[in-house]
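Undergrad: Here it is, the structure, as structure tokens.
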């Protein structure tokens, strides 16, 4: 039985937390599992003590290394891959997996702590098309 039955909200078969709830729970030992691919998580990162970087593309091969006794809050840019990650974890018997609704976009909007590396900026016309920005050399 889940220890985390009285937190968050359910939507389409997934238990969700807001960024503010996530931040509070991280202070109590919860872990953010950032499933963004490495080229997406280098520019803006969650600035909390307990973050595991596990790209969605590697989840199937590494999920069993995640702790089963801690609250795992899956996060990405906007909450899409993280939702899929929670469904995957639930299918594999983990009842400690939650989705952070809104991802790092809502985390930043809520003014929660970030680490930003301006040398790894992203570009794209919308969140679904983000990619690492090319460093263009300026001709003299």
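Undergrad: Based solely on C-alpha atoms, express the radius of gyration and the Dmax of region 9-132 in angstrom.
TA: According to the Cα coordinates of region 9-132, Rg and Dmax are 13.5, 39 Å.
Undergrad: Work out how much length residue 24 to residue 65 would gain on full extension: take 0.36 nm times their residue separation and subtract the Cα-Cα distance, in nm to one decimal. It would help to have the intermediate numbers written out before the result.
TA: Working: separation 41, 0.36 × 41 = 14.76 nm, distance 2.43 nm.
Here the segment from residue 24 to residue 65 would lengthen by 12.3 nm.
Undergrad: Would you calculate the separation in nanometres between label points at residue 52 and residue 9, each defined as 7 Å from the Cα along the Cα-to-beta-carbon direction?
TA: In this crude spin-label approximation the distance works out to 2.8 nm.
Undergrad: Could you give the distance between the Cα centres of region 11-44 and region 46-99, to the whole Å?
TA: Taking the Cα centre of region 46-99 as reference, the centre of region 11-44 is 8 Å away.
Undergrad: Residue 108 to residue 87: FRET efficiency via 1/(1 + (r/R0)^6), r the Cβ-Cβ distance, R0 30 Å, to the nearest 0.05?
TA: 0.75
Just so you know, all these numbers are worked out from the coordinates, no wet-lab data involved. Here the structure is a predicted model, which means the values were calculated and not measured. Quick reminder, even Gly has a Cβ in these numbers, built from the backbone with ideal geometry, and neighbours come from all protein chains shown.
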